Amino acid sequence: MTLLAAEGLTKRFGGVLAAKDVTFALNAGEMLAIIGPNGAGKSTTFNMVGGQLKPDGGRVTLAGQEVTGMPPREVCRLGVGRTFQVAQTFLSFTVLGNVQMALIAHHGQTRKLLADAAAMHRDAALALLDRVGMAAQADRPVGELAYGDVKRVELAIALAAAPRLLLMDEPTAGMAPAERAALMALVAGIARSEGIGVLFTEHDMDAVFAHADRILVLVRGEIIARGTPEEVRADPEVQRVYLGHSGTRAAARARRAAHG
């Protein structure tokens, strides 16, 4: 089932064409990666989908409903969660408190915060933390955590809104290689078991080739290739302008990991 559809997305910044006729679809339970060199238009495309940027042309639909140009808050209310390159958390709050705050906001209960917020949605927050492997650290301040664990907390926060679509902007940025692999494996497992579509941008080709179902390659605002990881890896134009030998090595590592 098509969950997200982008049709002809185009965006200019002055005389610079940052995105030109970008068209793609994402199914429920699918992981779709957008890759490309710096300045390729990845963030522009990503932000047009999430509502941070209004396209100059084209349209975005979510489960058949047009969301083109809607502000991010309205897009979120329709079932879209998001994580960021730099994790968005309250560092002085506990791990549990961060997720409780997300649940309180999702249920529109922010006016009740003068009451005992520490008791609100506690069980639901603990269940989300268990899903991301952070329940044992529920009572620790987020500011004390390793960065890889902070990213897991951010994922739990995004899941608190019960999203059907998850937008992840450079989810492994700033993480060690082992942390990157563990986080993306976790995201992929949740997405496929719960039917959540995941659109993500990423520079780590190991993460892309190991976990994406399909890949879009952008160069200078245009899609130059699309397909499965193997199809993209084998594309001569992608090899020439972006992947080179690093893409071949990343794909080989992904195949070895998949076969134990």
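Checking each residue in segment 23-43 for being more than 13 Å from His203 (Cβ to Cβ) and at pLDDT 95 or above picks out Thr23, Phe24, Ala25, Leu26, Asn27, Ala28, Gly29, Glu30, Met31, Leu32. Restrict the check to segment 118-135 and report whether at least one residue is at pLDDT below 85, farther than 22 Å from Thr45 by Cα, hydrophobic (A, V, I, L, M, F, W, C) and part of a helix (DSSP H, G or I). Scanning segment 118-135, I find at least one residue that is at pLDDT below 85, farther than 22 Å from Thr45 by Cα, hydrophobic (A, V, I, L, M, F, W, C) and part of a helix (DSSP H, G or I), so the answer is yes. Of the strands (runs of 3 or more DSSP E) lying entirely inside segment 140-223, those containing at least 3 residues that are more than 24 Å from Gly64 (Cβ to Cβ) and either touching a Lys or Arg at 6+ places or on another chain (Cβ under 7 Å) or in contact (Cβ under 8 Å) with a residue 24 or more places away in the chain (or both) span 214-219. Within segment 146-186, the set of residues being among the small types (Gly, Ala, Ser) and either buried (at least 24 other Cβ atoms within 10 Å of the Cβ) or under 27 Å from Gly108 (Cβ atoms) (or both) comprises Ala156, Ala158, Ala160, Ala161, Ala162. Residues in segment 207-260 that are charged (D, E, K, R), closer than 23 Å to Ala173 by Cα and at pLDDT below 90: Arg249, Arg253, Arg255.
Taking the criterion of being more than 20 Å from Glu7 (Cβ to Cβ) and buried (at least 19 other Cβ atoms within 10 Å of the Cβ), the residues of segment 38-82 that qualify are Cys76, Gly81, Arg82.
Looking only at segment 166-177, decide whether some residue is over 24 Å from Thr61 (Cα atoms), of a type outside the set (Gly, Ala, Ser) and touching a Gly at 6+ places or on another chain (Cβ under 8 Å). Checked against the condition, which is being over 24 Å from Thr61 (Cα atoms), of a type outside the set (Gly, Ala, Ser) and touching a Gly at 6+ places or on another chain (Cβ under 8 Å), segment 166-177 yields at least one hit.
The values are calculated or read from the model by the stated rules, or taken from the named source; none is laboratory data. Note that the coordinates shown come from a computational prediction; the quantities given were computed from them, not determined experimentally. Heads up, the Cβs are rebuilt from the backbone with ideal geometry, glycines too, and the neighbour counts pull from every protein chain shown.
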